[in-house]
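Beneath this line is the structure, given in structure tokens, with notes to follow.
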Amino acid sequence: MVGILLVSHVQSLADGVKDLAKMIAPAVPIISVGGLPDGSPGTDVERIYSGLNEADQGDGVMIFMDLGSAVMSTEMALEFEPNDKHIMQNAPIVEGTIIAASAIQAGNTLEEACNLVESQKNVDKF
């Protein structure tokens, strides 16, 4: 099954998004990492790398990040072990995660779930 990794500057945000997604898609492996090891805000490459390995169930991992430095830290974590089945998503962390989790729960592949997330970015918002 495709996994999801949530990367945030604070653990509580990542956990909240995970909790919301798990209500919709309880079978999907979703790992949340946030903040620094001491609990302060920030991102930690080693924690992201560990979360990536935990989320990987063999069919790839979709990664959602909250802010720019989370993107940079995630890119560095991916350099430790490049894998074309680990895909960083350029989508809002909440909406993207919900769409991805729903798609994965329904049996979509990594590529199909990524396409669904991408297609929703162009939908008009209220």
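No value in this document is a laboratory result; all are computed from the given coordinates. None of these values were measured; they are calculated from a predicted model.
Looking only at the range 76-110, count every residue that is within 18 Å of Arg47 (Cα to Cα) and among the hydroxyl-bearing types (Ser, Thr, Tyr) and tell me the total.
Qualifying residue count, the range 76-110: 0.
Within the range 52-70, is there a residue that is within 27 Å of Ser119 (Cα to Cα) and among the aromatic types (Phe, Trp, Tyr)?
Looking for residues that are within 27 Å of Ser119 (Cα to Cα) and among the aromatic types (Phe, Trp, Tyr), one finds at least one in the range 52-70, hence yes.
Specify the residue that is nearest to the chain's Cα centre (by Cα); the eligible residues are those in the range 100-123 that are over 13 Å from Val2 (Cα atoms) and among the aliphatic types (A, V, I, L, M). Show your work before the answer.
Kept after step one, since they are over 13 Å from Val2 (Cα atoms), are these residues of the range 100-123: 115-123.
Add one more test, that the residue is among the aliphatic types (A, V, I, L, M), and what stays is 116-117, 123.
Values: Leu116: 15, Val117: 12, Val123: 21 Å.
So the residue we want is Val117.
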